[in-house]
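Data first, discussion second: the structure below is written as structure tokens.
The values are calculated or read from the model by the stated rules, or taken from the named source; none is laboratory data. These numbers were taken from a predicted model, which means no experiment stands behind them. Heads up, the Cβs are rebuilt from the backbone with ideal geometry, glycines too, and the neighbour counts pull from every protein chain shown. SASA here: full protein model, heavy atoms, side chains in, ligands and nucleic acids out. Shrake-Rupley method; radii C 1.70, N 1.55, O 1.52, S 1.80 Å.
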Amino acid sequence: MFRSALVLILAVLGLLATTTMPAQESSTRINVSGSDTMNLLTQRFAEAYQAANPGVEISVRGGGSGVGINDLMEGLVDIAQSSRSMKPEEIERMKAGGKEVEEHIVGLDGLAVAVHVSSPVQELSLNQIKAIYTGSVQRWSQLNPEWPDERIIVYSRESNSGTYDFFKEHVLRGADFGNGISYLAATAAIANSVGDNRNAIGFGGIAYFVRVPNARIVAVSAGRGQAAVLPVEEGGTHPKYSVIQDGSYPISRPLQYYTTTTASPAAKAFLAWMKTPEGQKIVEQIEYIPLGDSALAGEKNDSSE
Amino acid sequence: MSLRIPPAAGNGGAPPPGLNATRLRERLRRGVSPFRRFREKTVEGMLLVCGVISTVAIVLIFFFLFKEGIKAASMVELDEFLYSTVSVLEYDIELDEMVNKGEKTDIVWQPASDPPRVSIVPLLWGSFGIAFLTAIISTLAGVAAGTYLSEMATKRTRDIVKPMLELLVGIPTVVIGFFMLAVIALPLYRFAVSIGLEKIYIDTYNMFVGSVGVSIVIIPVIASLVDDALRSVPDDLRAASLSLGATRWQTSWRVVLPAGISGVFAAIILGFGRAIGETMIVLMCAGNAPQLVANPFAAVRTMTASIAAEMGTAGQGTIWYQSLFFVGALLVTLTFVLNLIVELIVNRYRKKIRL
């Protein structure tokens, strides 16, 4: 009686072992964290990739590019999504921790500057944008006497976001953000707020602003005398790939993923898949800019070396 | 008509038969059973532990905050908590260029910059601005509501309204923040612009919207406390006033309210303290712009919102991180002092009314 019970228990345990073990082996987990701007992109990537590769489980978490890079440093994630390049001191810290990083560019994003739809502002130079965001000018009329003599309502992302860092580096060129800027936690919130306030200005991924009917993206010129380039197609409902791929739009950035060189094969396979036509289609679907053919070709050469 | 209170039935207030003072004393001296005494001691001990734990927790929080906050004071000069030096950039409209015009001192909270600028003045402005506006709005509404509940409402109305008010206190503040953000802020801005206030009502999310949101939480607190304070005013005063021919309004306004005024003050200060500490509502709908603008319709950022928004980003041990602790320590001190004042007022008031 006692013995048969023991046998039964052992049999059940054995059965459990055989059913759970293979499941554990075949399910691979890839952890991703970082840029909030890229969260949606990575989630779509993950959905499509998981559907095509059962057994792969991908968890995606936001928090900001800085958070993702920190997580990667501490070994908490396999992949960090980042809407800015890693800073030299971050690479140093990784090296100090005995880790090398690899960068994977999977698409491009143009940073749009947008105003309220009723605003007379059609184009701005990089310096004008800088003047607004450093607080050097407070009223529209200080930029152009024909514009209204009203206070500019300035929106920015919080300092933990890659968009903030990218903007500070490429538009403010190191200068500090000025007083009186409203810091919002998400680009979608900026787009909505710009659509709500007639004197507002905001920046962020183009995809977020084309969705808000009351926000209008302005053309940006690199300087006076240079042509202002509008990063959206006529009508303002779609990003214009060509001006961002060829670099004529002055504020664009790569969407990149970072891994350590010792990343799991699963993570590497996932990243490689993003650059396939299938992956690039997803980039396009959520209104980022896919890599141009030349960039893709270059990538291939790099990886074969 | 006799005004004498009829004596209670039976033996008129004497202790019940069979338990006179001598026997009671005897029983106490002999004591209770050992088991019961043990039980008493255990319960007493447990209560003591609970009390000690909460006291220790408060002491530890104080200690930790101040320990970390003081580090900030050792990392930056004290005057940097007030102002810092920034370069003056001017936009040249002819050249379309930024021109550097030397340096000036500026009051700016910009801890992510290099070097970090950590003037806490804009945050103090935000916190106190919102708390004062809230105090004004919720004092007017709260005292009125409390007086109504205590003096005018019928028992039926009161039985319905008071629990509702207390329910309002329990609504998660994030829900109120969301409500203000999604339902109130934008129509309010559009309305202000439509009546020609666009030069004054500049931000969609601003100090005023934040204050209204915080008031939703504070009004019931004040109303409920004012109601309690007024109800503890002896009925003799009301009776005397009414018998002299005063109306109910005159009685409430000139007799009951002044009699309970310290309780009302305590309620207001308590509300002010809660408004200073309120985080979620102001984070969501006060605009989140650390700036010093003497306009209640401009965006502001409070001390609490700064801690909530930035703690995740500030690297441990940086000036930024320590400054947030400094702000936290300041916040704790402020609310502590406010609560102390309330306690003092309430104590005085208890003595006066002889509760």
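Per residue, the range A:140-211 exposes an accessible area of 28 Å² to a 1.4 Å probe, with every protein chain left in place. The accessible surface of the protein assembly as shown, taken with every protein chain in place and a 1.4 Å probe, is 62 percent carbon and sulfur.
Ligands, DNA and RNA are left out, and with a 1.4 angstrom probe the accessible area of chain B is 57 Å² per residue. Considered as an equivalent ellipsoid built on the Cα gyration tensor, the range A:159-263 has semi-axes of 22, 20, 16 Å, the largest given first.
Computed over the protein assembly as shown, the percent of Cα pairs more than 38 Å apart is 52. Taking every alpha-carbon pair under 8 Å whose residues sit at least 6 apart, the range A:102-232 reaches a relative contact order of 38 percent.
Relative to the dominant Cα principal axis of chain A, helix A:187-196 is inclined by about 30°. Counting heavy atoms of the protein chains alone, A:Arg29 has an accessible area of about 130 Å² for a 1.4 Å probe.
Near A:Gly204, the amide H atoms lying under 5 Å from its own belong to A:Ala112; only residues 5 or more places off or on other chains count, and H is placed 1.01 Å from N.
Projecting the Cα atoms of A:Leu291, A:Pro265, A:Asn199 onto the dipole axis of the range A:180-303, where Lys and Arg carry +1 and Asp and Glu carry -1 at the beta carbon, places A:Asn199 farthest toward the positive end.
Taken as Cα centroids, the range B:137-162 and the range A:259-281 sit 64 Å apart, rounded to the nearest whole angstrom. Between A:Pro239, A:Pro213, A:Pro250, the Gaussian network model of chain A with springs among Cα atoms under 10 angstrom shows the greatest mean-square fluctuation at A:Pro213.
Using the rule -39500 (n - 2.57) for each DSSP H run of four or more residues, divided by the residues of the protein assembly as shown, the 222 nm mean residue ellipticity is -16500 deg cm²/dmol. Just so you know, the Cα atoms of chain A work out to an Rg and Dmax of 23.5, 98 Å.
Normalised by the number of residues in the range B:24-140, the average gap of Cα pairs under 8 Å and 6 or more apart makes the relative contact order 16 percent.
The value of relative contact order for chain B, using C-alpha pairs under 8 Å at least six residues apart, is 22 percent.
The C-alpha atoms of chain B define a longest principal axis, and helix B:185-194 lies at about 60 degrees to it.
Each Lys and Arg adds +1 at its Cβ and each Asp and Glu adds -1 at its Cβ; summed about the Cα centre, chain B shows a dipole of about 3380 debye.
Residue by residue, the range A:199-210 carries 3J(HN,Hα) couplings of 10, 7, 9, x, 9, x, x, 4, 3, 6, 7, 5 Hz when phi is fed to the Karplus relation 6.51 cos²θ - 1.76 cosθ + 1.60 (θ = phi - 60°); x denotes Gly or Pro.
A simple charge model with +1 on the Cβ of Lys and Arg, -1 on the Cβ of Asp and Glu and nothing else charged puts the dipole of chain A at about 420 debye relative to its Cα centre. Test of understanding: in a Gaussian network model of chain B with alpha carbons linked when under 10 Å, which of B:Ser194, B:Ser33, B:Ser241 would top the mean-square fluctuation ranking? Evaluated over chain B, the most mobile residue of the options is B:Ser33. Evaluated over the Cα positions of chain B, the convex hull gives a direction-averaged projected area, one quarter of its surface, of 30.4 nm². Of the whole protein surface, B:Ser87 contributes about 60 Å² of accessible area at a 1.4 Å probe radius.
Only Lys, Arg, Asp and Glu carry charge here, each on its Cβ (+1 for the first two, -1 for the last two); on that basis the protein assembly as shown has a dipole of about 4840 debye about its Cα centre. Residues whose amide H falls under 5 Å from that of A:Ser252, counting only those 5 or more places apart or on a different chain, are A:Leu111, with hydrogens built in the peptide plane. How many percent of the alpha carbon pairs in the range A:48-205 exceed a separation of 27 Å? More than 27 Å apart: 36 percent of the Cα pairs in the range A:48-205.
For the range B:276-355, the calculated P(r), taken from all Cα-Cα distances in 5 Å bins from zero up to the bin holding the longest distance, is 3, 13, 16, 17, 16, 12, 8, 6, 5, 2, 1 percent. Taking amide H as placed 1.01 Å from N in the peptide plane, B:Glu97 has its amide H under 5 Å from the amide H of B:Asp92, each at least 5 places away in sequence or on another chain.
What is the interface area between chains A and B, defined as buried accessible area summed over both chains with a 1.4 Å probe, reported in Å² to the nearest 100? Summing both sides, the interface buries roughly 2900 Å².
Shown here are the Rg and Dmax of the Cα trace of the range B:69-136, at 16.0, 49 Å. Peptide A:167-178 has a mean of 3 when you count, residue by residue, the C-beta atoms of other protein chains within 10 Å of its C-beta.
Considering only beta bridges that DSSP places wholly inside chain A, some 55 percent are antiparallel. For chain B, the longest principal axis of the Cα atoms and the long axis of helix B:34-75 meet at an angle of about 20 degrees.
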